[in-house]
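Data first, discussion second: the structure below is written as structure tokens.
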Amino acid sequence: GAGVSQSPSNKVTEKGKDVELRCDPISGHTALYWYRQRLGQGLEFLIYFQGNSAPDKSGLPSDRFSAERTGESVSTLTIQRTQQEDSAVYLCASSQTRNTEAFFGQGTRLTVV
Amino acid sequence: AQSVTQPDIHITVSEGASLELRCNYSYGATPYLFWYVQSPGQGLQLLLKYFSGDTLVQGIKGFEAEFKRSQSSFNLRKPSVHWSDAAEYFCAVDDNYGQNFVFGPGTRLSVLP
């Protein structure tokens, strides 16, 4: 596609349920990032994938959060047993290689009620 | 690990006035530096980037930024602000050594008519 695509754009879920967020990066982009942005806050790094290397998971806030990416394709971010503090916009970005411009998706707005 | 600070949480300027948004980073070597803008309800868009060479870089929408190694700064400037510039501005750093792409907390710009 022309840009980074994220789905769903909005998700409302009940506390305790699991959710899965999807990111389609720009074709050919080897690097993929997930960020979390709480209301009125900056971007909080979650996880980084670079090609087939082991991902950098240093930003994941708890073991309820996990992410997968197969090769240079789609990535999914999974949040298990969601809590109200998980409510935020989850942003995905991809770049052709490290240190080139990162293109962002529109984000998934997650609301945990 | 590197960090990015943006000392101003919120700045208000009048339309037509000049603008400078501050960004400081903490990192031993010269990182790759970026400014992104997030307009209300929009995704993040790259304004400009610095990798090496001329320390004054030009970006889109009439923005420029100057890298000052001695001050560890990468301030964003615009000589004449337009009402459409009202948005959240994020400075970001990539250290090119496998660490993640770090964003500052953001500066919210309001523009008075």
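We did not get these values from a lab; they are worked out from the coordinates using the rules stated. Since this is a predicted model, take the numbers as computed values, not measurements. Because the Cβ atoms are built from the backbone with ideal geometry, glycine has one as well, and the counts that use them run over all protein chains shown.
Whole angstrom only: what separates the Cα centroid of segment A:90-113 from the Cα centroid of segment A:1-75?
About 7 Å separates the Cα centre of segment A:90-113 from the one of segment A:1-75.
Per 5 Å bin from zero, what fraction in whole % of the C-alpha pairs of chain A is there, up to the bin with the longest pair?
Reading upward from the zero bin: 2, 13, 24, 27, 19, 10, 4, 1.
Counting only other chains, what is the mean number of Cβ atoms within 10 angstrom of the Cβ of each residue in peptide A:102-108?
Numbers: counts 8, 4, 7, 2, 4, 4, 0.
Across A:102-108, the average partner-chain Cβ count within 10 Å equals 4.
For segment B:17-93, place one equal point scatterer on every Cα, skip the solvent, and apply the Debye formula. What is log10 of I(q)/I(0) at q = 0.13, 0.24, 0.25 Å⁻¹?
-0.36, -1.15, -1.23
Could you pull out every Cys in the protein assembly as shown that lacks a partner Cys with its beta carbon under 4.7 Å away?
none
Holding the Cα-Cα limit at 27 Å, pick out from A:K15/A:K57; A:K57/B:K49; A:K57/B:K61; B:K49/B:K78 the pairs that are longer than that. Let's see the in-between values first.
Working: A:K15/A:K57 24 Å; A:K57/B:K49 25 Å; A:K57/B:K61 35 Å; B:K49/B:K78 15 Å.
Correct reply: A:K57/B:K61.
What length, rounded to one decimal in nm, is gained on full extension from B:A29 through to B:E64, with 0.36 nm per residue of separation minus their alpha-carbon distance?
The B:A29-B:E64 span can extend by a further 10.4 nm.
Using a 10 Å cut-off on Cβ to Cβ distances, tally the other chain neighbours for every residue of A:21-33 and report the average as a whole number.
The shielding value for this peptide is 0.
Under the 0.36 nm per residue contour assumption, what length would be gained going from the current alpha-carbon distance of A:T97 and A:A54 to full extension?
Extra length from A:T97 to A:A54 when fully extended: 14.0 nm.
In whole Hz, what ³J(HN,Hα) sequence does segment A:50-65 give by Karplus (6.51, -1.76, 1.60; θ = phi - 60°), x for Gly and Pro?
Ordered by residue, 3J(HN,Hα) equals 9, x, 9, 6, 4, x, 8, 9, 5, x, 5, x, 7, 6, 6, 9 Hz.
Can you pull the mean other chain C-beta count within 10 Å for peptide A:36-48?
Mean number of neighbouring Cβ atoms from other chains: 4.
How much length, in nm to one decimal, is gained on full extension between B:Q71 and B:S3, taken as 0.36 nm per residue of separation minus their Cα-Cα distance?
Length gained, B:Q71 through B:S3: 23.0 nm.
Return the Rg/Rh ratio of the protein assembly as shown with Cα-based radii and a Kirkwood Rh. Don't jump to the answer; show the numbers that get you there.
Values: Rg = 17.6 Å, Rh = 18.1 Å.
My calculation of the ratio gives 0.97.
Taking amide H positions as placed in the peptide plane 1.01 Å from N, state which residues far from B:D8 in sequence (5 or more) or on other chains have amide H under 5 Å from it.
B:R22
Whose amide H sits under 5 Å from the amide H of A:S5, counting only residues 5 or more places off or on another chain, with H placed in the peptide plane?
A:D24
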